[in-house]
1. Sum up the charges of everything whose Cβ sits under 15 Å from the Cβ of G168, counting Lys and Arg as +1 and Asp and Glu as -1, but leave G168 out.
2. Pairing the Cα long axis of helix 170-192 with the longest principal axis of the chain, what angle in degrees results, from 0 to 90 and rounded to the nearest 10?
3. Between helix 98-132 and the chain, what is the angle of the helix's C-alpha long axis to the longest principal axis, kept within 0 to 90° and rounded to the nearest 10?
4. Where Rh denotes the Kirkwood radius from the mean inverse Cα pair distance, what is Rg over Rh for region 141-191?
5. Just to check I understand the Karplus step: with θ = phi - 60° and J = 6.51 cos²θ - 1.76 cosθ + 1.60, what whole-Hz values come out for region 38-43, glycine and proline as x?
6. Specify the residue with the greatest mean-square fluctuation among A81, A151, A92, computed from a Gaussian network of the chain linking alpha-carbon atoms under 10 Å apart.
7. Let me spell out the model: positive unit charges on the Cβ of Lys and Arg, negative unit charges on the Cβ of Asp and Glu, origin at the Cα centre of the chain. What dipole size does that give, in debye rounded to 20?
8. Through the Karplus equation 6.51 cos²θ - 1.76 cosθ + 1.60, θ set to phi - 60°, convert the phi angles of region 147-156 into ³J(HN,Hα) values in whole Hz; use x for Gly and Pro.
Amino acid sequence: MTSDTHADDLLALRLDELLDALAAAAPVPASGSAAALVGAMAAELVAMAARSATGWTDSSGVAAQARALGSRLRPLVAADAAAFARVLDLRADAMSDERDLGPALERAADVPLEIADACAATAQLAALAAEWTVGHERADAVAAAALAEGATRAAAALVHANLATVAGDRRSTEADTLVRTAGEARAHALEVG
């Protein structure tokens with residue numbers, strides 16, 4: 001897959017095709033798309049675990065929130081690829097206007113920040129589900145918290161990478177806060193699990 005491939009096509013790929021696209025020599029899709037995909041998977045695990053809980057009056061609400069987070073993350077798989085491809089295209093085109101690169105880098109930082117935000121929220125829901133589940137469903141909730149934390153960390157690293165030339169940007173601070181939130185959620189899930 002090259003940077004001129006339509007990013008929207010990513011969600012239409014079979015899983016093995018998407019994994020092959022990630023492994024290809026082409027730079028798009030990359031780690032932001034992978035983080036969004038992992039976050040979406042974690043969110044669906046949380047939904048499944050929450051629905052399995054007995055005696056938890058909020059289980060259906062938590063499952064719905066988790067499904068909403070998964071739905072929020074799915075289009076970010078393609079959005080991140082498109083934002084990154086735009087940056088690559090501008091850098092490769094000698095005729096491009098340098099003034100276009102700044103906004104492209106901003107977008108390439110904004111999308112991973114959205115991914116990190118949704119993944120940190122997923123980790124928090126996973127920790128909550130871990131409190132109310134037992135057996136393999138609790139193990140799934142704990143695993144979802146770990147996956148969501150990892151995806152949060154990956155996305156936050158991209159925020160920093162794409163803002164390397166912008167000192168003190170609020171998005172860097174926000175990304176760090178989301179990483180801490182996700183880490184605390186994962187630690188809590190492990191404690192109760």
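1. -2
2. 30
3. Rounded to the nearest ten degrees, it is 10.
4. 1.08
5. Result, ordered by residue: 4, x, 5, 5, 4, 4 Hz.
6. Result for the chain, Cα springs under 10 Å: A92 fluctuates most.
7. Rounded to the nearest 20 debye, it is 420 debye.
8. For region 147-156, the Karplus curve yields 4, 5, 4, x, 5, 4, 4, 5, 5, 4 Hz.
Here, each number is a calculation from the coordinates, and none is a lab measurement. For clarity, every value in this text was computed on a predicted model and none was experimentally measured. We place every Cβ from the backbone using ideal geometry, glycine too, and count neighbours over all the protein chains shown.
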